[in-house]
1. At a Förster radius of 22 Å, what calculated FRET efficiency corresponds to the Cβ-Cβ distance of A:ARG199 and A:VAL90, to the nearest 0.05?
2. Once amide H atoms are built 1.01 Å from N in the peptide plane, which residues 5 or more positions from A:HIS175, or in another chain, come under 5 Å H to H?
3. Read phi for every residue in segment B:228-242 and hand back ³J(HN,Hα) as whole Hz from Karplus 6.51 cos²θ - 1.76 cosθ + 1.60, θ = phi - 60°, with x for Gly and Pro.
4. At most 10 other C-beta atoms within 10 Å and a DSSP loop state: those are the exposed GluC sites (Glu not before Pro) I care about. Give me the longest piece of chain B that has none.
5. Considering only DSSP beta bridges where both residues belong to chain B, give the percentage that are antiparallel (nearest 5).
6. Could you order the peptides A:35-46, A:156-167 from most to least packed, using the average number of other C-beta atoms within 10 Å per residue?
7. Does chain B classify as rounded, prolate or oblate by the C-alpha gyration tensor (a ≥ b ≥ c root eigenvalues; a/c under 1.5 gives rounded; else a/b over b/c gives prolate, otherwise oblate)?
8. Give me the net charge of B:ARG214's neighbourhood, meaning all other residues with Cβ under 14 Å from the Cβ of B:ARG214; Lys, Arg count +1, Asp, Glu -1.
Amino acid sequence: MIRIALLLATLLCFPNLAVTQVVPEPIRPTEATPIGALPPIALPMPASRDDNYWGVRLQIGQRRERGLEDLLAVAGGIDYQVRGGSIFGVTGGYQWRQNCQTPGDCGHSLYGARARFNLITAGPTIAGLLGDDGATSTLGTELGFGYAPDVNLGENACTLDLGVPLSIAMLERLHLVGFVTPGVVWELDCSAGDTRPERSYLLGFGLGLQQLGFRGLDVHVGVQRIFRGATGVQFGVSVSWIRLP
Amino acid sequence: MRSLKRVIVDSAPRFARVGLCALGLVAASACRHQVTLEELPPEQIETTLFLIGDAGEPDPRQVGPPLDSLTAQAAAAPERSIIYFLGDNIYPAGIPQEGAAEWADARRRIEAQVRAIPAGAQGIFVPGNHDWANSGPFGLYAIRLQEQFIASLARGRNIRLLPSNGCPGPVSIDVGRLRLVSLDTQWWLHSFIVRDSVSSCPTNTVGAVTSALREQVRPPGDARIVVVGAHHPLITGGEHGSYCGVTGPFRRFGGRSQDIMSSSNRSMRDSLRSAFRGRPPLMFVAGHDHSLQVLRGGDEVDYLLVSGAGAPSKVSCAVRLRESYYVSARSAGFMRVDIMKGKGVLLRVFRYPGRSTGALVYSRWLEPR
């Protein structure tokens, strides 16, 4: 386990150097809305079935290696976890073009709504192989809608996404969670421009620490790749807090 | 404003990178909960409470762990040991009617547990849903038969079924600083007859049980360690909490009273919690899910223990909840609570097969020493 963690830490600390292109890429709808602008996050940790829980979330993500301009997004969200399982959330934030090459079009707001359903929350089926019989595996599905106005000189971006996230939480004292979030995004035509609706696949993964210092406080770092064009690699940090009784 | 935005834009990647590195390194250095075997001076231990549940399917060929290990530990000081069986003492359906093919095997199952109580130690069996004829119509009579079986196997020793005669309880026992309050939670959930002309229970209604429980968890003085024991847990990350397996999320729609998410179960747990309000017991101990879980109780009770891994053939999955301090799934085991003279309550969890460091896998001072 420690070897795997060290390997992942090394990969996260020393990402590949940027592959520079000469022409700034337009921001794709998938990059502009929360699904691609913000880092992936693990499925929620289960809690007592007796209550519903409110929570808040802060996310910061940078999409790099996409040409002349990197993208930086900061967002906040409110989540509602139903009876200790599935979670519903709304997100609002802002995305900047770094090294902006198009004056007057260097940033835009972004909004999203997301439902994440914990389909199977089970024991150490996989993690047990690594010797932790208190581990928890969670397989779920998520459905999200994203909207970002005025992305590329007046164009709006709309996306609908569907994912099948998997999380494995391990260790007793320090709750380490590894997660992978494969999904598909449909770029919807919600602008007067000539954006052609397209479908993209994406894959995110990352590590997190649950109950970090306080009950209900989780921190995740995530990496995400969209398998289309020069969309680069997204990585970032998410901090979420669920209010527990 | 513009410069502030510039600062944010420029410095954010650096913070993100630092965050990534820090998290990665912390993760890399993470280690398993280290258990230090704390040798308690025997003369300072007042009472030792062993918690084992759902042990009603012992191996017919041999007495293996965890029962034999529990016996060995209790035999070291039987005069201060209480072995508390947390229900489902006989799988699959308690004691059947005499003449049934399963009768002899049912007797064998309870006999193996009675034999595990060393001479001089006290044994208490709490009824579970399987003891109530697997929640069936013969349940009340199966409980009475089990009580008779235990009495006959005890041969005058201090071993009994509590609450007795199919009554809901609560029944309190005071041993030194310990007040042990036993409940029959299946009485609350049973869909068939729960009393008849020979019941003569001191409490016969949900309101009366709750009221009596409220009184019994409030012993005079502050020094008492109150432990409430029953078969059904207040919180669980196991199958009965609608976790584990593909059917987990859908169990909530089944309305099974044995599951945490059913309305009848919720109603029972709300009543129990209301009785604890204002004077929380130190522990609520239960079985039902076949795992070992130590959970935070909240405002109404300090700790929730699920120790239902008494039968190696029955162990099952459990997940870590936000309330969990410790979880062990798919391993048999039991818990041991040492109540010290004066002050201090130490919980220890033993799991079989053990780790390379031994069977002791978790320990925690529930009351600081």
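Just so it is clear, none of the values below were taken in a lab; they were calculated from the coordinates. Predicted, not measured: the structure shown is a model, and the values here were computed from it. Heads up, the Cβs are rebuilt from the backbone with ideal geometry, glycines too, and the neighbour counts pull from every protein chain shown.
1. The formula returns an efficiency of 0.35 here.
2. Correct list: A:GLN210.
3. Result, ordered by residue: 9, x, 7, 7, 8, x, 7, 9, 8, x, x, 4, 6, x, 6 Hz.
4. B:99-369
5. If we restrict to bridges inside chain B, about 60 percent are antiparallel.
6. Order by mean packing, descending: A:35-46, A:156-167.
7. prolate
8. +2
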